[in-house]
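Visitor: I have a structure I would like to understand better, so I am pasting it below and will then ask my questions one at a time.
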Amino acid sequence: MNSLYENTLTILDRTAKLIQAEPAIVAQVREPQRIIEVHFPVKMDDGTTAVFTAWRVQHSDARGPFKGGIRFHTNVSLDEVKSLAFWMSMKTAVVDIPFGGGKGGVIVDVKRLSPAELERLSRKFISTITPVIGAGVDVPAPDVNTNAQIMAWMLDEYEKISGRKEPGVITGKPLDLGGSAGREEATGLGGAIILKELAKKLGKAPEETNVAIQGYGNVGSFFAKFARGFGFQIVAVSDSKGGVYEPAGLDPEIVSGIKKEGKSVADLGQGEKISNEQLLELPVDIVVPAALEAVLTGANADRVQAKAILELANGPTTPEADDIFAKKGIVVVPDILANAGGVAVSYFEWYQNMHGEKWELARVRKELEEKMVQGWSEVSNKSSELKVPLRDGAYALALIRISQAMQ
Ligand code: NAD
């Protein structure tokens, strides 16, 4: 099986050929500009010292400062961080915001840390990479298992070292420290805006479009709420413990209520209980992977019945599955467009910090809608012009923009 990064290069190489990109530029985009590997000590509550391994991968700053989240997870690897950094460069180019791409990851099981240990680890990691970040250099943000509180500790540590206020060094901050209204909901809302465009392309009204969502965390839950608000029928949802299928439709507020009680969506007591694998193969109009990487593969793509896939997770479809979907005429809206709402609002946050502004939620939502609709129409036009699927159109658009900046 190919590594995640090899899979990302398959798409890059196919696109480079398609648009006859300059070989020297492709050679540069194939590898990150800089990989920083660090090993750092953290004092644990019991008095011992543990050493952690982490990376900051700076893929490309051709179009602006490196931009990308920091992930805390036991499965973090250099291969994964490189892939995520590469996707960030493509994503920022597709929605045309003045950033490049980067990503960070720490190998750690956060469930085993006390709050004090988590704070010391967050501060120590950011102090270790302080020399290579900055508001005009590289701007981190939250990702899996990191949140606004952790961004606040990191900002505080960075500012203590640099001796000056620089809120634009990190996004996803609490509102009182320069965070933006609408950042938490942004990826889900951006996905729901793209869903409306996708339904138009399929020639279906929202009320007659059924949607199944895998994953009900930050992205999946906000997506469900906004999609339902736009009139779509949410007929299946899942989380790591399993899911439910209710053809008559589910109420996202009730599903979120169950999650707030600390239970699984599988305990909803409505509809039929299903597995995560079954959710992807349901007879629905649109399947939305919003949890993990590589869930649609050569092994299950043939059984997918949906008319379209809307990728809100990063990297949920392998190249083998993509080929099968293309043959079956299933439309795939690629992650680098569909889930770009988060980084778009991160850009709005950074912009507000750099200009000393504070935007109302209504303005953030309006600017997000404009960015997403523009991204959708530019990707659609590029894929029609080149007569290729949306993913290839999105990569072509990104690669052209990055190439122009490099040249
Ligand atoms: P999250 O941790 O808030 O939620 C993840 C969800 O996936 C949870 O409901 C969890 O129960 C579920 N899950 C975990 N393992 C699963 C499994 N085996 N099968 C089915 N579901 C499972 O994370 P999130 O922030 O919502 O991110 C979800 C995806 O979206 C990730 O791929 C992430 O990289 C991507 N993404 C997130 C953002 C963002 O702004 N949060 C932006 C772009 C992309």
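Visitor: For the stretch 327-348, does any single residue satisfy the condition of being part of a helix (DSSP H, G or I), within 16 Å of the ligand (Cβ to nearest atom) and among the hydroxyl-bearing types (Ser, Thr, Tyr)?
Guide: For the stretch 327-348, residues part of a helix (DSSP H, G or I), within 16 Å of the ligand (Cβ to nearest atom) and among the hydroxyl-bearing types (Ser, Thr, Tyr): present.
Visitor: Can you work out which of the residues in the stretch 1-49 that are charged (D, E, K, R) and part of a helix (DSSP H, G or I) is farthest from residue 335 (Cα to Cα)?
Guide: To start, the set of residues in the stretch 1-49 that are charged (D, E, K, R) comprises 6, 13-14, 17, 22, 30-31, 34, 37, 43, 45-46.
Filter once more, so that each one left must be part of a helix (DSSP H, G or I): 6, 13-14, 17.
Numbers: 6: 17, 13: 18, 14: 17, 17: 21 Å.
This residue is 17.
Visitor: Let me ask you something else. Quick check on residue 170: is it modelled with pLDDT of 95 or more and within 16 Å of the ligand (Cβ to nearest atom)?
Guide: Yes, satisfied.
Visitor: Tally time: how many residues in the stretch 104-160 are part of a loop (DSSP other than H, G, I, E, B), closer than 27 Å to residue 313 by Cα and polar (S, T, N, Q)?
Guide: Residues in the stretch 104-160 being part of a loop (DSSP other than H, G, I, E, B), closer than 27 Å to residue 313 by Cα and polar (S, T, N, Q): 3 in total.
Visitor: Given (1) in contact (Cβ under 8 Å) with a residue 60 or more places away in the chain; (2) away from the ligand (no atom under 16 Å from the Cβ); (3) in a strand (DSSP E or B), identify the lone condition not met by residue 62.
Guide: (3)
Visitor: Can you tell which of 299, 340 is under 27 Å from residue 77 (Cβ atoms), at pLDDT 95 or above, aliphatic (A, V, I, L, M) and out of contact with any helix residue (DSSP H, G or I) (no Cβ under 8 Å at 6 or more places or on another chain)?
Guide: 299
Visitor: Given the residues 207, 184, which is the only one that is within 16 Å of the ligand (Cβ to nearest atom), charged (D, E, K, R) and surrounded by fewer than 20 Cβ atoms within 10 Å (Cβ to Cβ)?
Guide: 184
Visitor: Give the stretch 129-151 a look and list any residue that's surrounded by 18 or more Cβ atoms within 10 Å (Cβ to Cβ) and closer than 16 Å to residue 39 by Cα, or say none.
Guide: If the condition is that a residue be surrounded by 18 or more Cβ atoms within 10 Å (Cβ to Cβ) and closer than 16 Å to residue 39 by Cα, then 129 is the only one that fits.
Visitor: Specify which of the listed residues (137, 110) is of a type in the set (A, V, I, L, M), out of contact with any Gly (no Cβ under 8 Å at 6 or more places or on another chain) and within 14 Å of the ligand (Cβ to nearest atom).
Guide: Values: 137 fails: within 14 Å of the ligand (Cβ to nearest atom).
Step by step, each of 137, 110 is checked, and only 110 is of a type in the set (A, V, I, L, M), out of contact with any Gly (no Cβ under 8 Å at 6 or more places or on another chain) and within 14 Å of the ligand (Cβ to nearest atom).
The values are calculated or read from the model by the stated rules, or taken from the named source; none is laboratory data. Because the structure is a prediction, the values reported are computed rather than measured. Neighbour counts are summed over all protein chains in view; Cβ atoms, including those assigned to glycine, are modelled from backbone coordinates with ideal geometry.
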